[in-house]
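Taking it in order: structure first as structure tokens, then the write-up.
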Amino acid sequence: MKSEVEIEAYVLAGGKSSRMGKDKGLVLFNGQPMISYVLKALAETGISVKIIANNEGYEKFGHPVVADLVEEKGPMGGLFTAFSYTNSKAVLLMSCDMPLVTSEAIKQLLDKAEINLIIAPTEEGRVNPLFALYPLSLKQEIERRITNGRLKMTDLILENKHTLVPSIVRENPGIFRNVNNEEELKMTEKQWNNLK
């Protein structure tokens, strides 16, 4: 990891989980809460981690839990919350519903960290904004976008200085699979068992 860029990870677990019908990060995936796989991968990188959630159930994982400072603003609101709490120069924003993610993939992203650049992976040409590095220098830009209702994370990335990294997914296929409902949960559990 590039030592000149201080990074802190924030795991987004404050979403409504409307398709799942319950709090996604706490849904059991092969017997463990889904967020625990993300936290384990992060722990192996050694960086500091906080959880953004509005549910006290996340306090049992041993990381600081902070509530969204602006509600109903999705991941953009989560990023604003992360920027408001961090003392680091950049934030690694991650979703709680990617149980296949690996510490190797996280390290690959961290190794590409640069001051004032967003670093995000792509998969089949699509940008993944919920496994990306965001520099703290974007804080005022985030505030403007929230005020103006411009909440699309992909737009934020593409309209600011960024580097896209397709190689992470090529070397770690399937790691960004999101689990949004019971059907995807069963399918991803099967994939996870095949990867073991």
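Taking every residue in region 77-96 that is closer than 16 Å to Leu42 by Cα and in contact (Cβ under 8 Å) with a residue 40 or more places away in the chain and pairing it with any residue that is aromatic (Phe, Trp, Tyr) and part of a helix (DSSP H, G or I), at least 6 positions away or on another chain, the pairs with Cβ-Cβ distances below 9 Å are Val91/Phe83; Cys96/Tyr58. Lys152 meets all of the listed conditions (1) of a type in the set (D, E, K, R); (2) modelled with pLDDT under 95; (3) surrounded by fewer than 21 Cβ atoms within 10 Å (Cβ to Cβ) but one, namely (2).
Note on region 22-40: residues that are closer than 22 Å to Lys73 by Cβ and either modelled with pLDDT under 85 or of a type in the set (D, E, K, R) (or both) amount to 3. On the basis of being within 26 Å of Leu100 (Cβ to Cβ) and either surrounded by fewer than 20 Cβ atoms within 10 Å (Cβ to Cβ) or free of Cβ contacts under 8 Å to residues at least 40 places away in the same chain (or both), does Leu136 make the cut? So Leu136 does not fit the description; no. Scanning region 163-174 for residues that are at pLDDT below 85 and surrounded by fewer than 13 Cβ atoms within 10 Å (Cβ to Cβ) gives Arg170, Glu171, Pro173. Residue count for region 157-178 satisfying the condition of being farther than 21 Å from Cys96 by Cβ and either among the acidic types (Asp, Glu) or in a helix (DSSP H, G or I) (or both): 5. Considering Arg177, Arg126, the condition of being surrounded by 15 or more Cβ atoms within 10 Å (Cβ to Cβ), under 18 Å from the mean Cα position of the chain (by Cα) and modelled with pLDDT under 95 is satisfied by Arg177 alone. Just one of the listed residues (Ile157, Ile119, Ile146) is of a type in the set (Val, Ile, Thr), out of contact with any strand residue (DSSP E or B) (no Cβ under 8 Å at 6 or more places or on another chain), in contact (Cβ under 8 Å) with a residue 24 or more places away in the chain and under 19 Å from Met76 (Cα atoms), namely Ile146.
Considering the conditions (1) loosely packed, with under 15 Cβ neighbours inside 10 Å; (2) more than 15 Å from Ala13 (Cβ to Cβ); (3) at pLDDT below 95, Ser84 is excluded by exactly one of them, (3). All but one of (1) without any contact (Cβ under 8 Å) to a residue 40 or more places away in the chain; (2) surrounded by fewer than 19 Cβ atoms within 10 Å (Cβ to Cβ); (3) in contact with a Leu (Cβ under 8 Å, 6 or more places away or on another chain) hold for Leu69; state the number of the condition that does not hold. Exception for Leu69: condition (3).
The values are calculated or read from the model by the stated rules, or taken from the named source; none is laboratory data. What you are looking at is a predicted structure, and each value in this text was computed from that prediction instead of being measured. For neighbour counting, all protein chains shown are included, and Cβ atoms are generated from backbone atoms with ideal geometry for every residue, glycine included.
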